[in-house]
Amino acid sequence: MKEWIVRLAGEIAPSGSEGRIASVLLDAVQDLADETRMDALGNAIATKRGDGPHVMIAAHMDEPGVMVIDIDDNGYLRVIPTGGLTASETAFRQVTFTNGTIGLVCLEDGEKRPEQFDQLFIDIGAKHREEAESRAFIGLSGVIGGSVAELGNGRLLGRALDNRVGCAVALQAFRDLAQRGLHVSVVFTAQNAPGARAAQAAAFALEPELAIVVDATPASDVPGGKRTALQLGAGPAFKVMDAGTVAPLAVKQLVEDMAHALGITLQYEVWPSGRSDTGAIQLTRAGILAAGISYPVHTAGAAEAMVDLADVDATLRLLVASVEAYRK
Amino acid sequence: MLLKTLSEAFGPTGFEDEVRNVIRGELEGRVDEMKTDVLGNLIAVKGAAKPGPKVMLDAHMDEVGLMVVQICDGGADAGLLKFRSLGGIDPRVLVSKPVFIGPDRIPGVIGAKPVHLQAPEERQKPIPMEKLYIDIGAKDAADAKSVVKPGDAAVFATRYAEFGERAAKGKSFDDRVGCALLVEAMRSEVPYPLYGAFTVQEEIGLRGARAAAYQIQPDIAIALEGTVCFDVVGAPSHGQSTVLGKGPALTVQDAQTIADRRFAEFMWETAKRHGIPVQWRRVKGGSNDFGAIHRVGKGVVGGSISVPVRYIHAPTQVVSLDDVENAQRLLQAVLKEIAEGSFTL
């Protein structure tokens with residue numbers, strides 16, 4: 001699991017530029033899937049036909065980033081955010097673009113604090129416009145943040161862990177469930193960071209009976225933590241509600257029962273501000289039974305996050321057991 | 001001239017009938033079928049049974065406007081009309097502007113306290129919309145109520161005119177310029193099913209387009225829009241969005257859409273191959289109907305072709321007629337290249 005997390009976090013996939021990581025993920029399920037494809041919005045979808053109700057497992061593969069919208073005569077770039085990055089967390093950091101170009105995010109001279117993206121520019125070391133245009137173009141996307149580090153106590157820190165961890169869990173869950181003969185699809189969703197824009201298209205096409213979404217949720221065991229009582233390392237969290245969904249009680253009961261049977265401590269996620277794929281899927285077509293199993297992180301929805309591998313392992317076991325139990 | 005007729009037509013959000021009637025008249029006999037759906041979208045169809053990708057072209061009929069919410073019947077303000085905006089309007093553009101209320105075009109003028117009477121601090125900031133009113137010259141509330149009701153909508157009373165070097169000024173180029181492009185495009189012959197969706201209620205949240213896309217279920221969709229242009233006084237390159245006269249603009253990202261890169265590049269390359277000037281729209285704010293369309297059903301591939309509009313959402317907007325012409329050329333070239341298989345789904 002850890003190897004997959006690190007490998008997937010090494011991929012650069014700002015929202016709207018998920019093509020490469022989508023290929024990596026679909027390659028990893030090709031041997032078991034009856035069908036793999038990418039849809040119009042960039043979702044990567046694999047299906048294994050089998051027994052019982054069709055269950056969809058979803059995890060978003062995109063991460064917040066920046067997109068080039070202007071190149072000036074001196075070779076400097078201007079960017080806009082894709083997803084929830086703020087100007088202040090983007091300033092003074094290295095940016096790596098999907099084509100390998102790297103640069104430094106700088107603040108216009110005389111500005112005290114970065115408040116808006118139009119105060120920022122990116123220096124890619126180009127001496128003039130022509131050189132910059134050979135390495136960047138309008139619409140090119142990039143990300144900020146460092147590669148994954150192991151902290152030695154079962155915790156990982158780095159860029160895109162939210163939600164490559166979820167991708168690794170969904171990938172492994174799909175493999176386990178497909179090998180056990182279940183009718184299961186896995187969807188690595190695109191464009192979650194700008195507001196869960198793509199997940200419903202995959203759910204519309206697949207029409208699953210149940211969908212379970214794996215994503216990060218912010219732990220509150222930090223200075224100034226909000227009152228959600230989520231702790232890093234204390235186990236997976238069932239998504240009771242966020243800004244776009246309230247969980248169906250039947251699925252909540254099922255997941256609680258499985259946690260109890262597996263001896264997993266279950267936490268409860270109540271995240272009033274998060275807009276999730278779960279909510280988008282739930283409201284697709286005539287409504288779809290949809291729920292979220294989340295793993296706690298320190299800083300969700302940002303460039304970098306910290307996770308505890310014990311939570312990740314328990315999330316996988318709980319997910320697989322819950323889907324299996326739903327069949328019965 | 002169609003752009004003039006469309007620009008001067010009365011069509012604030014939710015009141016698109018007059019615009020729809022103009023378009024219906026233009027397309028009568030030139031398409032296989034036209035229908036108005038329950039929200040008021042006009043959908044024109046050509047070659048529904050043909051093989052090949054189902055292509056949807058979109059332009060919204062509505063314009064930003066005002067809605068009367070109250071007819072004052074108190075003392076000094078008796079007969080004046082309180083209003084709110086329909087769509088995003090900067091209150092700073094409203095003061096002293098003439099308007100027409102309703103399709104019967106009851107004339108009015110937006111009034112405010114004159115500069116002589118404003119306290120020093122009032123002069124420092126824009127007059128908020130709540131302090132503005134529409135004056136229709138009524139002598140009292142009963143007089144006003146005999147011609148206007150709460151819920152009536154108003155538009156700017158701006159006449160279309162061509163001026164300067166291939167420029168035009170008028171109201172509602174956002175998005176009557178798109179409507180004009182789409183009417184013209186529906187006259188073209190293509191070997192695949194072509195749907196023209198003239199949509200309602202774009203300006204308050206892309207409301208009509210979603211229903212239009214739902215019933216059409218297109219394989220490819222292109223929104224035709226008027227978009228932000230601020231290539232004037234002191235705007236740096238990255239703050240302009242688009243430049244007037246530099247051709248139609250293609251989107252990489254706006255507030256509702258991250259462009260399908262493959263389709264955006266296909267349109268860009270098509271422009272280059274056909275020698276049509278084209279530019280990237282360089283701002284995140286704002287959006288168009290494609291933001292709603294691409295998320296419908298199992299997802300829709302496509303993008304938008306935008307005409308730069310200076311002073312967008314204001315009483316008098318400015319476009320370059322060259323940009324309009326080049327947007328039409330680009331649209332025709334894109335439709336032709338889709339027919340030739342240059343873009344594969």
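Where a number appears in this text, it was derived from the coordinates with a stated rule and is not lab data. Note that the structure is predicted; figures quoted are calculated from it, not measured. Cβ: placed from backbone, ideal geometry, glycine included. Neighbour counts: every protein chain shown.
Overview of results
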item: Under 21 Å from B:K50, Cα to Cα: lysines that are on another chain or at least 8 residues apart; result: B:K35, B:K336
item: Phi-based couplings in Hz for the range A:315-328 (Karplus 6.51, -1.76, 1.60; Gly and Pro marked x); result: 4, 4, 4, 5, 5, 4, 5, 5, 5, 4, 5, 5, 4, 7
item: Under-5 Å amide H pairs with B:G302, H placed in peptide plane, nonlocal only; result: B:A221, B:D260
item: Highest-fluctuation residue, B:V233, B:V95, B:V177 considered, GNM on chain B with Cα pairs under 10 Å; result: B:V233
item: Net charge over other residues, Cβ less than 11 angstrom from the Cβ of A:A59 (K, R count +1; D, E count -1); result: -3
item: Spacing of the two label points (7 Å from each Cα toward its C-beta) at B:R84 and A:V222, in nm; result: 3.8 nm
item: A:Q267 long-range amide H proximity, modeled H, under 5 Å; result: A:A237, A:F238
item: Choice from B:G303, B:G102, B:G29 showing the highest fluctuation, given a GNM over chain B with Cα pairs closer than 10 Å; result: B:G29
item: Top of B:S146, B:S237, B:S188 by mean-square fluctuation, Gaussian network on chain B, Cα under 10 Å; result: B:S146
item: By average C-beta atoms within 10 angstrom, highest first, the peptides A:97-104, A:201-208; result: A:201-208, A:97-104
item: Inter-chain Cβ neighbour average for residues B:298-305, partner chain, 10 Å; result: 4
item: A:D242 long-range amide H proximity, modeled H, under 5 Å; result: A:W271
item: Computed [θ] at 222 nm, helices only, for chain B once each DSSP H run of length n ≥ 4 contributes -39500 (n - 2.57); result: -7500 deg cm²/dmol
item: Summed side-chain charge close to A:A211 - residues other than A:A211 whose Cβ falls under 13 Å, Lys, Arg +1, Asp, Glu -1; result: -2
item: Distance (nanometres) between label positions extended 7 Å along Cα→Cβ at B:S96 and B:E325; result: 3.6 nm
item: Antiparallel content of DSSP bridges confined to the range A:1-108, in %, to 5; result: 95 percent
item: Estimated FRET transfer efficiency (A:M1, B:V147; beta-carbon r; R0 51 Å; 0.05); result: 0.10
item: Gyration tensor verdict on chain A (Cα atoms; rounded if a/c is under 1.5, prolate if a/b is larger than b/c, oblate otherwise); result: prolate
item: Counting DSSP beta bridges with both ends in the protein assembly as shown, the antiparallel % (nearest 5); result: 60 percent
item: Pairwise FRET efficiency - B:E33 versus B:K4, Cβ, R0 = 35 Å, nearest 0.05; result: 0.80
item: Distance between modelled label sites at B:E18 and B:K131, nm, 7 Å Cα→Cβ extension; result: 3.1 nm
item: Listed residue pairs exceeding 23 Å between alpha carbons, taken from B:K82/B:K149; B:K4/B:K139; B:K171/B:K246; result: B:K4/B:K139
item: Average other protein chain Cβ within 10 Å of Cβ, residues A:117-125; result: 1
item: Residue-averaged [θ]222 nm for chain A, counting only DSSP H segments that reach four residues, each worth -39500 (n - 2.57); result: -8500 deg cm²/dmol
item: Most to least packed among A:16-23, B:134-141 [average Cβ atoms within 10 Å]; result: A:16-23, B:134-141
item: Summed residue charge, Cβ within 14 Å of B:E121's Cβ, Lys/Arg positive, Asp/Glu negative; result: +3
item: Within 10 Å of each Cβ in B:258-266, the average number of Cβ atoms from other chains; result: 4
item: Spin-label proximity, B:S188 to the range B:208-235 - amide N less than 16 Å from point 7 Å beyond Cα toward beta carbon; result: B:220-225
